[in-house]
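Visitor: I'd like to ask some things about the structure below.
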Amino acid sequence: MMMIDATDLTKTYNGRGGCRGITLQVPEGCIFGLLGPNGAGKSTFVKMLAGLHRPDSGRATVLGQPLGRPEARRKLGYLPELFRFQDWLTPAEVLRFHGQLGGLRPQETRTTAFRSRVRDALELVGLSEAADRRVGGFSKGMQQRLGLAAALLLDPELVILDEPSSALDPVGRYEIRSLLKQLRGKGVTIFLNTHLLEDVEELCDEAAFLYGGELLASGPLHKLLSGTGDNVGGDANWRFRLGGWLPETWEELNDAVGGALSSLLRLVEADESGNALLTARVTDREQAGYLCALFIRSGLTLYESGPEQNSLEAWFLRMAQSQSRQGGVPQ
Ligand code: ADP
């Protein structure tokens, strides 16, 4: 089942900003990262999913239910981008309040079972020691941890986290990453809205890129990074590792393709043992296959052939720059 299934979802603020025509699916059990520069429309999109904004047009289901249904909300944990708790409450009191917001009756939040649930949630986010302190004395990072505890309190099947570690130091970020992996291991689906590319690189199975309110690319992370995603467009970088390379090999291959080799391939390095690394700009996998066949016919050993992995940062910058060159303006 798709935990989130959005078609053409649009929400603007008096015709400006927001996000437009977003179509994306989030499969069950994955960590999905929504990326994009400031003002790309990420928070607007997640607020619609969480039932806080009504879409202008388009449709979506969350946990198989249309947006805003209480049945889906009960199984949904949400950490908003901006959170502020009442200074005079303790974390346990905040969580009791959130339990009621999540649909529990007041008396259900006074049971031993609920108290133990609260203890578990605080332990999960590393706040056990601060359980009896007033929230007013909490650092921003501690408040963010408390927000995460509130999102996880009722064992959600889907968690939507809007910048969950923006206020945390590197140790805190590491802990939250470990926690999110643990949750995925239990089958929880996580929708992560984040600026932190290292989080996406380490955690996400799938990702989408928003820019200027529009979805530019989405799919499995490895496909996006290798440039072979369905909606990424452009040529892919391909790499070949070969054995048996000799000083005359380039010329021989060049003759075999009628002198067009340098328009296809680049020799990155070759050592004295005959190991060589070549890269190519290919338009599709068939073209890469043609080059593999050429190498093998020429008596070379093919050790490796595959899309060249680019770092997420390079991909992010490439996507954003290609948009600003086309006149797209971040909002
Ligand atoms: P992101 O989360 O990617 O930073 P947002 O969804 O917050 O992006 O914002 C997308 C665009 O919508 C921005 O241009 C922003 O200024 C505008 N916007 C967001 N919220 C509001 C609002 N409440 N009223 C008017 N404009 C808004």
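Visitor: Go through the residues of the range 244-253 one by one and say whether even a single one is surrounded by fewer than 20 Cβ atoms within 10 Å (Cβ to Cβ), modelled with pLDDT of 90 or more and under 17 Å from SER322 (Cβ atoms). It would help to see each step written out before you state the result.
Guide: We begin by selecting, within the range 244-253, every residue surrounded by fewer than 20 Cβ atoms within 10 Å (Cβ to Cβ); these are 244, 246-252.
Filter once more, keeping what is modelled with pLDDT of 90 or more: 244, 246-252.
Right, trim to under 17 Å from SER322 (Cβ atoms) and you get none.
Scanning the range 244-253 turns up no residue that is surrounded by fewer than 20 Cβ atoms within 10 Å (Cβ to Cβ), modelled with pLDDT of 90 or more and under 17 Å from SER322 (Cβ atoms).
Visitor: Within the range 120-143, is even one residue in contact (Cβ under 8 Å) with a residue 40 or more places away in the chain, basic (Lys, Arg) and farther than 24 Å from VAL46 by Cβ?
Guide: yes
Visitor: Return yes or no: is THR283 surrounded by 14 or more Cβ atoms within 10 Å (Cβ to Cβ) and polar (S, T, N, Q)? Please lay out each step first, then the result.
Guide: Numbers: surrounded by 14 or more Cβ atoms within 10 Å (Cβ to Cβ): no; polar (S, T, N, Q): yes.
No: the conditions fail for THR283.
Visitor: Could you list all residues from the range 1-22 that are surrounded by fewer than 15 Cβ atoms within 10 Å (Cβ to Cβ), on the phi > 0 side of the Ramachandran plot and within 15 Å of the ligand (Cβ to nearest atom)?
Guide: Result: ASN14, GLY15, GLY21.
Visitor: So, in the range 32-90, of the ones that are away from the ligand (no atom under 16 Å from the Cβ) and open to solvent by less than 10 Å² (accessible area, probe 1.4 Å), which residue ends up nearest to GLY136 (Cα to Cα)?
Guide: Selected residue: GLY77.
Visitor: Next question, about the same structure. Anything in the range 152-195 that is touching a Lys or Arg at 6+ places or on another chain (Cβ under 7 Å) and at pLDDT below 90? List them, or say none.
Guide: Listed by number, the residues that qualify are SER165, ALA167.
Visitor: Those residues that are among the acidic types (Asp, Glu) and either farther than 21 Å from LEU158 by Cβ or more than 16 Å from the ligand (Cβ to nearest atom) (or both), I need them from the range 179-224; list them, please. Let's see the steps before the verdict.
Guide: Narrowing the range 179-224 to residues among the acidic types (Asp, Glu): 198-199, 201-202, 205-206, 214.
Listed by number, the residues that qualify are GLU198, GLU201, GLU202, ASP205, GLU206, GLU214.
The values are calculated or read from the model by the stated rules, or taken from the named source; none is laboratory data. All values reported here derive from a predicted model rather than from experimental measurement. Backbone-built Cβ (ideal geometry, glycine too); neighbour counts: all protein chains shown. These accessible areas exclude ligands, DNA and RNA; they are computed on the full protein's heavy atoms, side chains included. Shrake-Rupley method; radii C 1.70, N 1.55, O 1.52, S 1.80 Å.
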